């Protein structure tokens with residue numbers, strides 16, 4: 001039951017020599033070679049909130065188990081960004097077209113992954129955001 | 001202006017009852033504009049031999065509130081060896097042996113400095129490869 005994620009970072013001109021990094025990983029459970037076997041599937045929301053909204057609710061049972069989160073800002077407007085927060089700490093911002101792929105520890109029930117369309121206004125239009133969670137806790141039902 | 005792209009391909013034939021095949025490609029640009037990110041720390045490697053927390057990137061060394069991207073890969077092959085990623089004092093998650101991550105980072109210095117930190121799982125040798133692409 002293997003799920004793989006491959007990242008390719010490529011640039012011919014950001015440095016004196018080209019950058020070309022390609023890495024493939026198999027998504028596995030914490031500390032084992034057993035494959036992750038649970039997924040939220042690919043979800044899509046249309047964000048129009050300047051305040052934080054819970055995208056993925058942490059579950060204490062997931063503490064320190066392996067989980068991987070994919071989030072992409074599908075806006076085609078480079079200026080529209082989504083602020084990603086865990087436990088009130090800003091992690092980073094996804095501008096139009098940006099994605100992240102991160103591990104998620106769910107240290108406690110405060111470790112929700114939240115997003116906000118920080119510079120959204122009624123005239124900018126919604127920000128489409130797609131996301132998926134891959135995880136190992138069979139009791140973990142989130143964001144129904 | 002430099003052009004740097006990041007492509008993700010997620011694939012599974014048996015996680016769900018239908019095949020999963022997801023691809024995303026992003027051109028890494030500055031905050032709120034379409035100008036390509038122009039700076040990088042280059043691909044680097046760090047081997048730790050202590051379970052102490054290390055600051056990989058100090059927020060004060062980068063421009064606050066920008067569209068920085070950080071790539072990390074745990075080069076270990078023993079499944080139990082991980083790096084815990086933290087930003088300021090918040091745990092993000094663990095990258096286990098062979099795992100990689102691509103993380104946006106704001107380098108926020110408006111309140112507490114959002115330093116980017118790693119903590120190896122044990123005192124055993126742990127090797128990490130990493131790269132920052134930044135404004």
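The values are calculated or read from the model by the stated rules, or taken from the named source; none is laboratory data. Fair warning: this is a prediction, and the values are worked out from it, not measured in the lab. In this analysis, Cβ positions are derived from the backbone assuming ideal geometry, glycine residues included, and neighbour counts consider all displayed protein chains.
A few remarks follow.
- Across the range A:104-121, the number of residues qualifying as in a loop (DSSP other than H, G, I, E, B), touching a residue at least 60 places away in the same chain (Cβ under 8 Å) and away from every other protein chain (no Cβ under 12 Å) comes to 2.
- Among the residues of the range B:86-108, the ones that are without any contact (Cβ under 8 Å) to a residue 24 or more places away in the chain and either surrounded by fewer than 22 Cβ atoms within 10 Å (Cβ to Cβ) or more than 7 Å from chain A (Cβ to nearest Cβ) (or both) come to 3 in all.
- Strands (runs of 3 or more DSSP E) wholly inside the range B:1-53 containing at least 1 residues that are in contact (Cβ under 8 Å) with a residue 60 or more places away in the chain and under 21 Å from the mean Cα position of the chain (by Cα): B:4-12, B:44-48
- Residue A:80 passes every criterion in (1) touching a strand residue (DSSP E or B) at 6+ places or on another chain (Cβ under 6 Å); (2) under 15 Å from residue B:92 (Cα atoms); (3) modelled with pLDDT under 95 apart from (2).
- Note on the range A:31-60: residues that are under 13 Å from residue A:130 (Cα atoms) and buried (at least 18 other Cβ atoms within 10 Å of the Cβ) total 4.
- Tally, over the range B:109-135, of residues that are more than 18 Å from residue B:53 (Cβ to Cβ) and either without any contact (Cβ under 8 Å) to a residue 40 or more places away in the chain or in contact with a helix residue (DSSP H, G or I) (Cβ under 6 Å, 6 or more places away or on another chain) (or both): 2
- Number of positions in the range A:61-84 that are surrounded by fewer than 23 Cβ atoms within 10 Å (Cβ to Cβ), within 8 Å of chain B (Cβ to nearest Cβ) and touching a residue at least 40 places away in the same chain (Cβ under 8 Å): 3
- In summary, residue B:39 fulfils each of the numbered conditions (1) farther than 25 Å from residue A:65 by Cα; (2) surrounded by 18 or more Cβ atoms within 10 Å (Cβ to Cβ); (3) touching a strand residue (DSSP E or B) at 6+ places or on another chain (Cβ under 6 Å) with the single exception of condition (2).
- Residue check, residue A:23 in contact (Cβ under 8 Å) with a residue 40 or more places away in the chain, in a strand (DSSP E or B) and in contact with a strand residue (DSSP E or B) (Cβ under 7 Å, 6 or more places away or on another chain): no
- Among the residues making up the range A:85-95, a single one is more than 7 Å from chain B (Cβ to nearest Cβ) and at pLDDT 95 or above: A:85.
- Residues of the range A:1-46 satisfying the condition of being over 15 Å from the mean Cα position of the chain (by Cα) and away from chain B (no Cβ under 11 Å): A:46
- Qualifying residue in the range B:55-78 (condition: at the interface with chain A (Cβ under 7 Å from one of its Cβ atoms), over 20 Å from residue A:72 (Cα atoms) and at pLDDT below 95): no
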